Amino acid sequence: MRKELITTVDLKVARSIQNELRNQCIFKKIIETNEITYVAGADASYTKDNVYAVIVVMTFPDLELVEKVCAVQPISFPYISGLLSFREGPAIVEAFFKLTFSPDLIFLNGQGYAHPRRIGIASHVGVILDVSTIGVANHLLTGTATVLGERQGSKSPIQDKNEIIGMAVRTKEGVKPVYISAGHKVDLPQAVDLVFRTITIHRFPEPLWHADRLSRQCRKDSSV
């Protein structure tokens with residue numbers, strides 16, 4: 001585990017770290033789905049000065065909440081497209097080390113392989129923590145996908161330079177799609193399958209939906 005690699009304020013160093021970690025990413029299935037006991041969602045919200053990272057752990061496949069933790073850190077890196085790992089990652093890593101339950105897989109709000117350097121926050125954090133991860137994003141960072149049908153389950157490959165880097169998926173009928181990519185120790189088909197297995201009434205996987213909501217609650221509570 002190389003926790004120190006996630007913190008930097010130098011752009012050149014940040015991109016160098018991404019290139020190093022990209023070579024350590026494993027974009028293939030390591031754990032079988034039926035071997036997964038706990039899944040987690042990790043997300044963060046902000047004030048002007050701080051980042052509030054939350055990890056929510058749930059049983060799988062029943063999706064019963066077993067643990068939630070929050071970590072608060074000062075913002076030490078500016079918002080730069082493609083370098084979200086260095087802004088949110090340190091607080092997410094801190095939250096991970098507060099957990100009592102060890103998730104077999106973590107969903108992160110952001111990209112994995114579907115990244116200009118193929119090393120989004122899901123891949124970056126996955127390598128640092130040596131945990132299987134999946135990126136689930138609201139928007140494309142790179143590449144293109146065809147317009148989806150409105151029905152739940154509609155899919156379209158995300159392509160960049162003649163390579164499939166992820167999948168645009170309509171997880172609920174009539175809502176905006178999400179953009180799924182392998183993070184670490186999963187392949188794309190397993191990533192898509194696990195997203196669908198963790199969708200209930202929300203557009204995002206249940207652990208990730210709760211992490212998003214609770215990160216905003218953590219931010220609110222800390223300001224009181």
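Within this structure, ASN34 passes the test of being loosely packed, with under 15 Cβ neighbours inside 10 Å, closer than 17 Å to ALA191 by Cα and not basic (Lys, Arg). As a summary of the residue check, PHE27 satisfies the conditions (1) surrounded by 15 or more Cβ atoms within 10 Å (Cβ to Cβ); (2) closer than 29 Å to THR198 by Cα; (3) more than 18 Å from the chain's Cα centre (by Cα) except for the one numbered (3). For the structure I just gave you, tell me whether PRO116 is in a loop (DSSP other than H, G, I, E, B) and either under 24 Å from HIS202 (Cα atoms) or of a type in the set (Asp, Glu) (or both). Here the answer is no, as PRO116 does not meet what is asked. Sort out which residues of the stretch 37-63 are surrounded by 16 or more Cβ atoms within 10 Å (Cβ to Cβ), touching a helix residue (DSSP H, G or I) at 6+ places or on another chain (Cβ under 7 Å) and not in a strand (DSSP E or B), and write them in order of number. Once the filter is applied, which keeps residues that are surrounded by 16 or more Cβ atoms within 10 Å (Cβ to Cβ), touching a helix residue (DSSP H, G or I) at 6+ places or on another chain (Cβ under 7 Å) and not in a strand (DSSP E or B), the stretch 37-63 yields only LEU63.
Could you list, in sequence order, the residues of the stretch 167-189 that are under 20 Å from ILE31 (Cβ atoms) and touching a strand residue (DSSP E or B) at 6+ places or on another chain (Cβ under 8 Å)? Those that are under 20 Å from ILE31 (Cβ atoms) and touching a strand residue (DSSP E or B) at 6+ places or on another chain (Cβ under 8 Å): MET167, ILE180, SER181, ALA182, GLY183, HIS184, LYS185, VAL186, LEU188.
Out of VAL127, VAL136, I need the residue that is assigned to a strand (DSSP E or B), crowded, with 24+ Cβ neighbours inside 10 Å and in contact (Cβ under 8 Å) with a residue 40 or more places away in the chain. Which one? Of the residues listed, the single one that is assigned to a strand (DSSP E or B), crowded, with 24+ Cβ neighbours inside 10 Å and in contact (Cβ under 8 Å) with a residue 40 or more places away in the chain is VAL136. With respect to the stated conditions, SER156 fails to be among the hydroxyl-bearing types (Ser, Thr, Tyr) and buried (at least 23 other Cβ atoms within 10 Å of the Cβ). Residues of the stretch 160-187 that are out of contact with any Pro (no Cβ under 9 Å at 6 or more places or on another chain), farther than 14 Å from ALA137 by Cβ and of a type in the set (A, V, I, L, M): VAL175, VAL186.
Taken together, the values in this text are just the output of simple stated rules run on the coordinates, not laboratory data. Since the structure is predicted, the reported quantities are computational estimates derived from the model, not experimental observations. Cβ coordinates were reconstructed from backbone atoms using ideal geometry, including for glycine residues, and neighbour counts include every protein chain displayed.
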